[in-house]
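Participant: Take this structure first; my questions come after.
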Amino acid sequence: MLLLTGGWVASAAFTVTNSTTEIGSGNYHGTAGITGWSETSVGVTTVPGTVPAVLSTTVGGPTVLPGAATTYAINAPTAGDLAHYWKFTEATTAPVSTELELAFTVSTGTGITAVTSYVETQTTAPGAAIVFTLLYDLGSPAGGTITLNSVTEVSQQCAAVGTCP
């Protein structure tokens with residue numbers, strides 16, 4: 001589970017600056033990592049010229065992860081747009097044919113968007129760790145300032161394909 005907070009502002013020159021510290025409160029609930037699936041980094045980048053496919057948003061109809069590093073989008077991407085990224089590593093210990101629910105919440109200067117995506121691990125365990133990059137298109141820098149207030153991502157392993165809540 002990742003909770004990344006802070007205020008970032010990106011201009012057409014792709015400058016990213018940190019704004020004031022945010023304060024949160026609430027209850028902490030114990031969590032357990034997902035075997036073989038871990039978030040390894042987050043940041044800001046641009047959508048590549050070869051626009052990535054969008055992950056499935058359908059329970060029971062997940063995007064089956066390939067056996068090689070791949071980039072996917074979680075909303076409609078446009079080449080050259082500014083994007084927030086999450087990198088996940090699928091280890092050789094990842095359970096096979098398992099559906100994962102990935103819930104993203106992105107707060108920008110234009111509001112809060114929640115996207116839930118579904119992926120399925122391969123039918124055979126990978127022979128080496130595989131890195132998957134997921135992008136959330138924040139918009140074109142040509143339109144002026146892009147504000148990224150905060151992002152959250154919560155992953156959960158489902159009991160079987162089609163059983164995610």
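What follows is calculated from the coordinates using simple rules that are stated; it is not laboratory data. What you see is a predicted model, and the numbers here were worked out from it, not measured in a lab. A quick note on method: Cβ atoms are made from the backbone with ideal geometry, for glycine too, and the neighbour counts reach across all protein chains shown.
Participant: What does the charge count near Q122 come to, summing +1 for each Lys or Arg and -1 for each Asp or Glu among other residues with Cβ under 13 Å from its Cβ?
Facilitator: Once all neighbours under 13 Å are counted, the net charge is -3.
Participant: Another question, then. Express in nm, to one decimal, how much length is gained between A79 and A125 on full extension, taking 0.36 nm for each residue of separation and deducting their alpha carbon distance.
Facilitator: Extra length from A79 to A125 when fully extended: 13.4 nm.
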